[in-house]
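> To start, I am sharing the structure in question, which I have written as structure tokens.
Values in this text are rule-based calculations from the coordinates and carry no lab data. Here the structure is a predicted model, which means the values were calculated and not measured. Positions of Cβ are generated from backbone atoms using ideal geometry, with glycine treated the same way; all protein chains shown enter the neighbour counts.
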Amino acid sequence: MASCSLFRVLLLFLTLSGSFVQIFSAGIGINYGQIADNLPSPSRVAVLLGSLSVSRVKLYDADPNVLLAFSNSSVEFIVGLGNDNLQNMRDPAKAQAWVEENVLSHLPQTKITCILVGNEIFYSNDTQLRSSLLPAMQSVYRVLVNLGLDKQVIVTTAHSLSILATSYPPSAGTFKEDLTEYLQPLINFHSLIKSPFLINAYPYFAYKDNPAEVSLEYVLFQPNQGMTDPITNLHYDNMLYAQIDAVYSAIKVMGHTDIEVRISETGWPSKGDEDEAGATVENAELYHANLLKRITQKQGTPAKPSTPIDIYVFALFNENLKPGPASERNYGLYYPDGNPVYNIGLQGNLPGGTSDVSASNKTAFSVFSFLLFLIACFNL
């Protein structure tokens, strides 16, 4: 009897030990930012992400060192075309040259599946930049069509939630009126080429700006009363899902229900300045652990229950050169030495670093230790 009980307990332990190691195999992506002077080399990062079973990575550029380091891997990449390069993309020859250098030259060894043309363009008041976004996307798309890559590589851009004029209740979501002239043709283009609408959504900002009114449990996916949309009667138990549905509503106002909303960035800082409420290790751990649990369950939002949420977590590493408040430099899941900032089960392998023990080896060691403990308890 003792040996059978020991076997069942050991089997359960093995199952739980491996579950978090494989958590990214559910398709959750991660943002790989590099605004830092202390990050490990791309080749070491490739090993780290491989040990975590990460299958999707988003870059803010098309760093050839990164793309080369991940050649012949199973990782799919979003590569970024920077805001400062949008105006050049109006020129078909320059768009052709950019795609050939930054995408075509890496295929098929490195899997590039998306080009992110600009990031949070409408957060700026630069009208020239705003006017360049759609022509740049169209130009890049035409190059992909000419190269026969338009079915393999999608074209899109990412937006800050500041583009919303109204987000509460979610069914009343609308875009800012002064952005309509840009967003209407842009959304029409998304519908035409069947590409997703990406948003950078951070419930943390809502809590930081108004901690007295915004429930911490609501933004951290913790048990709470939530809110019910008075128009649709749909119930929301977390802010992120409400934000996503508000964007769906705003797109519907533009005449479209055929565009998928995906989250290109979301996260929670583990540290902040004194006036940055909620920026703690404990809250960051809760946000990411609860979010990952939801995603692995393939949940949809209340308004789109059959559409699993597609998310890229921000970010892989703390980036010490990012400007702004302290929180900006503390969004990473990992320190640059490969050690996790907090424990959500993502202990990977960064060669040559202090965390240079593979997840499988750590699991094996833990199982061995636990087995010794059980042997002592059962007197086996």
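> Calculate the all-directions average of the projected area of region 156-226's alpha-carbon convex hull, and give it in nm².
If I average the Cα hull's projected area over directions, I get 6.0 nm².
> Which order do the peptides 110-122, 86-98 take when ranked by the mean count of other beta-carbon atoms within 10 Å per residue, highest first?
The peptides rank, most packed first, as 110-122, 86-98.
> Still on this structure, I have one more. Length gain on complete extension for the stretch E177 to Q109, per 0.36 nm per residue less the alpha carbon to alpha carbon distance?
Details: separation 68, 0.36 × 68 = 24.48 nm, distance 4.39 nm.
Roughly 20.1 nm would be gained on extension.
> Another question about this same structure. Highest first, please rank the peptides 335-348, 224-237 by the mean number of other Cβ atoms sitting within 10 Å of their residues.
So the order, starting with the most tightly packed, is 335-348, 224-237.
> With bins 10 Å wide starting at 0, give me the P(r) of region 163-283 over every alpha carbon pair, in whole percents.
13, 39, 31, 15, 1
> Round to the nearest 0.05 the FRET efficiency obtained for A165 and S74 when R0 = 45 Å and r is the Cβ-Cβ distance.
Working: r = 41 Å, r/R0 = 0.91.
The formula returns an efficiency of 0.65 here.
> Diagonalise the Cα gyration tensor of the chain and give the resulting equivalent ellipsoid semi-axes, square root of 5 times each eigenvalue, largest first, whole Å. Don't skip to the end; give the middle numbers.
Numbers: eigenvalues 271, 145, 75 Å².
Value: 37, 27, 19 Å, ordered largest first.
> Which value, in debye to the nearest 20, describes the size of the charge dipole of region 204-346 about its Cα centre when Lys and Arg Cβ atoms bear +1, Asp and Glu Cβ atoms bear -1, and nothing else is charged?
Dipole magnitude for region 204-346 comes out near 480 debye.
> Related question: Can you list the residues of region 68-104 with backbone N under 14 Å from a point 7 Å past the Cα of R142, pointing along Cα to Cβ?
Within reach of a label on R142, which here means backbone N under 14 Å from a point 7 Å along Cα→Cβ, region 68-104 contributes 88-97.
> Which one of S160, V47, N200 is farthest out on the positive end of the charge dipole of region 46-201, using unit charges on Cβ (Lys, Arg +1; Asp, Glu -1) and the Cα centre as origin?
Farthest along the dipole direction, towards plus: V47.
> Could you work out the per residue convex hull volume over the alpha carbons of region 82-190, in cubic angstrom?
109
> Quote the charge dipole size of region 2-378 about the Cα centre in Debye, to the nearest 20; the model charges only the Cβ of Lys and Arg (+1) and of Asp and Glu (-1).
Values: 23 positive and 34 negative charges, 260 e Å.
Taking the Cα centre of region 2-378 as origin, the dipole is about 1240 debye.
> Starting from the Cα of K111, draw a straight line to each of the lysines and keep only those under 25 Å, dropping any in the same chain fewer than 8 residues away.
Once the sequence-local lysines are set aside, what remains near K111 is K58, K94, K151, K194, K298.
> Hey, what did the chain get for relative contact order, percent, Cα under 8 Å, at least 6 apart? Working shown, then result.
Working: 685 pairs, mean separation 69.6, N = 380.
Across the chain, relative contact order equals 18 percent.
> Identify, among T280, I28, N210, the residue whose Cα sits farthest towards the positive end of the charge dipole of region 2-378, taking +1 on the Cβ of Lys and Arg and -1 on the Cβ of Asp and Glu, with the dipole about the Cα centre.
Of T280, I28, N210, it is I28.
> Additional query: If one computes P(r) from the Cα atoms of region 209-280, what percent of pairs lie at distances over 14 Å?
Looking at region 209-280, the distances longer than 14 Å represent 70 percent of pairs.
> With runs of 4+ DSSP H residues as the only contributors, calculate the mean residue ellipticity of the chain at 222 nm using -39,500 (n - 2.57) per run, divided by the residue total and rounded to the nearest 500.
Computed mean residue ellipticity for the chain: -12000 deg cm²/dmol.
> Also, I was wondering about something else. With all pairs of different alpha carbon atoms counted, what Kirkwood hydrodynamic radius in Å does region 61-135 show?
Values: mean 1/r = 0.0760 Å⁻¹.
Roughly 13.2 Å, rounded to one decimal.
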